[in-house]
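Notes for the one structure printed next.
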Amino acid sequence: MAEVVFYFDFGSPNAYLAHKVIPEIERRTGAKFRYVPALLGGIFKATGNRSPAEAFAGIPAKLAYEGRETQRFVKKHGITEYARNPHFPVNTLQIMRGAVAAQRLGIFEAYVEAVYRAMWVDGLKMDDPAVIETALTTAGLPAVELMALTADPGVKQALIANTEEAVAHGVFGSPSFLVGGELFFGKDRLRDVEEELEAHVA
């Protein structure tokens, strides 16, 4: 089975939107996307990149266009659960460490779904520990155990290692995808990802 490495950070709305489309691609291609949590702040620092909101702050027309593109993407893919987070940008360090902790506990997929819903459907302030704990508990996850594990040195180091690995592969933002040795950036490159997968199978 072909594999796509998906470097993601919960703080990226475009990574969330890609996440909503990925199951369609997996069904069509038989490929599997392997989710790798990588801290976007660390990637930005290592590569000299900035978020679009910051980079294009002085170009209102560019930001407005990005908003229209997002709505087109949502409509095209029939995404019914998406709302801008009123607390954006959110410091994702703890919830990203939580993703690594969830991998250790064998509940990674459920954790990803819960946190993405909290961020981009419910619009919660997911850099507030009390809010995080409540969201995880509501989702039926072991919130106290997960929150405790985010302070574990091994969990912290694993997230750093993931982030460094992403940068080593040329990643500069989220969402980023690796098919074989080929890097693709952005939700709008998912069609290219699919074509690359088809080329690998052919």
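Determine the pairs where a residue that is closer than 16 Å to Ile95 by Cα, located within segment 158-175, has a partner that is among the basic types (Lys, Arg) with Cβ atoms under 8 Å apart, the partner being 6 or more residues away or on another chain. Sorted first by the residue in segment 158-175, then by its partner, the pairs are Leu159/Arg97. The condition (being open to solvent by 30 Å² or more (accessible area, probe 1.4 Å) and under 18 Å from Tyr7 (Cβ atoms)) is satisfied by just one residue among Leu105, Leu149, Leu93, Leu124: Leu93.
How about segment 46-58: which of its residues are surrounded by 12 or more Cβ atoms within 10 Å (Cβ to Cβ) and in a loop (DSSP other than H, G, I, E, B)?
Scanning segment 46-58 gives Asn49, Arg50, Ser51, Phe56, Ala57.
You will find that of Gly98, Gly67, Gly42, Gly78, the residue that is within 14 Å of Phe8 (Cα to Cα), open to solvent by less than 60 Å² (accessible area, probe 1.4 Å) and without any contact (Cβ under 8 Å) to a residue 60 or more places away in the chain is Gly98 and no other. Reported count of residues in segment 1-35, each being in contact with a Lys or Arg (Cβ under 8 Å, 6 or more places away or on another chain), more than 23 Å from Leu124 (Cα to Cα), open to solvent by less than 10 Å² (accessible area, probe 1.4 Å) and not in a strand (DSSP E or B), is 0. If you go through segment 176-202 and keep only what is assigned to a helix (DSSP H, G or I) and either open to solvent by 40 Å² or more (accessible area, probe 1.4 Å) or among the basic types (Lys, Arg) (or both), you end up with Lys187, Asp188, Arg189, Arg191, Asp192, Glu195, Glu196, Glu198, Ala199, His200, Val201.
The values are calculated or read from the model by the stated rules, or taken from the named source; none is laboratory data. Remember, predicted model here, so these are calculated numbers, not experimental data. As a convention, Cβ positions derive from the backbone with ideal geometry for all residues, glycine included, and neighbour counts pool all protein chains shown. Heads up: the accessible areas ignore ligands, DNA and RNA and are worked out on the full protein's heavy atoms, side chains in. Shrake-Rupley method; radii C 1.70, N 1.55, O 1.52, S 1.80 Å.
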